[in-house]
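I have placed the structure first, in the form of structure tokens, so that the comments after it can refer back to it.
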Amino acid sequence: MFKTDLHIHTCHSVSHDLELTPKDLVDEAVKQGFKVISITDHNSIGAYFEEIDGKSLIDYARSKGLIVVPGLELTPLSWSGGPFHILVYGRALLELDPKDVPKKPSLDKIISFCKDIKSLGEAFVVVSHPYFMYCLLYVPSARIIINALKPFLGVLDGVEIVNFAHGMEMNRFVIQRLAPKLEQILGKRFLKTFGSDTHYIENFGQRCGYITAPVRTIDDVFYALRTGYIRPGIETCYSLRAKLNDPNFWKQIVKVVHDSITDLSGRQKVKV
């Protein structure tokens, strides 16, 4: 089995005060025995254009036996961007200028970006922690989430079935209820991804999943994710009860609600 984490953030993430550099992440991943990672910074692909010891990030990682899958997380920084974070994976991201990535994308800009990146070549669109804005519901509704996802169905290629930053109950809901229904609606087998959603180096590697088929290239990774040769590691997730007892969780909820109210108030004033 090959140790894998497909959702990691570095100092390049927009509007996040992070210190983790791409080089430090790669070095730590190699140290911990990872085979596959993806840097999915918020609204940025800057990490992939860093030069490390005279090499690109991907070549530097390859020289150490690590596969880095190009990635990005399109993150609405206001309510106008909709309730979902969208992961984009694939070599087509490397064809872009980092300035082409929207820094504060609206819903329309996210969908437009996904269509454009697919026209450039290999690119896969995956909805990240799809229950995120519904996390106060102990048992979220697949029907409600799928209805909210309708604008993305034309570009969607997969779903993040396990996110280690969220509880076991939520991830089990995606695996058992949401993913099968989405697959049925789309009429195709799609990518099932998993990742830690790491923002800080001290949290990296605490939980991870595995690809169970041989992987030597990025194409091998996508094949494994689509055909189910994975062990996403849901058994290592913490319970929702523990999450609800974590004061940082409630601070995050308060911030999301505050930012949403502030954004909606600002939009209302503009209309008047």
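Data overview
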{"read-out": "Sites M1 and K104 - FRET efficiency at Förster radius 45 Å, r taken between beta-carbons, to 0.05", "value": "0.70"}
{"read-out": "FRET efficiency, L153 to S63 (Cβ-Cβ, R0 41 Å, nearest 0.05)", "value": "0.55"}
{"read-out": "Share of alpha-carbon pairs per 10 Å distance bin for the chain, given as whole %", "value": "7, 30, 39, 21, 4, 0"}
{"read-out": "Length released on extending from R216 to D259, taking residue separation times 0.36 nm less the Cα-Cα span", "value": "11.2 nm"}
{"read-out": "Alpha carbon centroid spacing (whole Å) that separates region 21-75 from region 198-235", "value": "14"}
{"read-out": "Contour minus Cα-Cα distance for D53 and R189 (0.36 nm per residue)", "value": "45.0 nm"}
{"read-out": "Percent of beta bridges antiparallel (DSSP, the chain, rounded to nearest 5)", "value": "55"}
{"read-out": "Simple spin-label estimate for D246 and E95 in nanometres, 7 Å along Cα-Cβ", "value": "3.8"}
{"read-out": "Distance (nanometres) between label positions extended 7 Å along Cα→Cβ at E235 and R172", "value": "1.4"}
{"read-out": "Neighbour-count order for S15, S56, fewest beta carbons within 10 angstrom listed first", "value": "S15, S56"}
{"read-out": "Linear extension gain, I201 paired with D27, 0.36 nm per residue minus alpha-carbon span", "value": "61.5 nm"}
{"read-out": "Local electrostatic count at D220 - Lys and Arg +1, Asp and Glu -1, tallied over other residues with Cβ under 14 Å", "value": "+3"}
{"read-out": "Too-long pairs where the Cα-Cα distance tops 19 Å, listed order kept, from K115/K255; K23/K99; K109/K150; K23/K118; K115/K150; K109/K181", "value": "K115/K255; K23/K99; K23/K118; K109/K181"}
{"read-out": "Cα pair distances exceeding 23 angstrom across region 42-201, given as percent", "value": "40"}
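Every number here is computed from the coordinates shown, using simple stated rules; none is lab data. None of the values given here were measured: they were computed from a predicted structure. Glycine also receives a Cβ, built like all others from the backbone with ideal geometry; neighbour counts cover every protein chain displayed.
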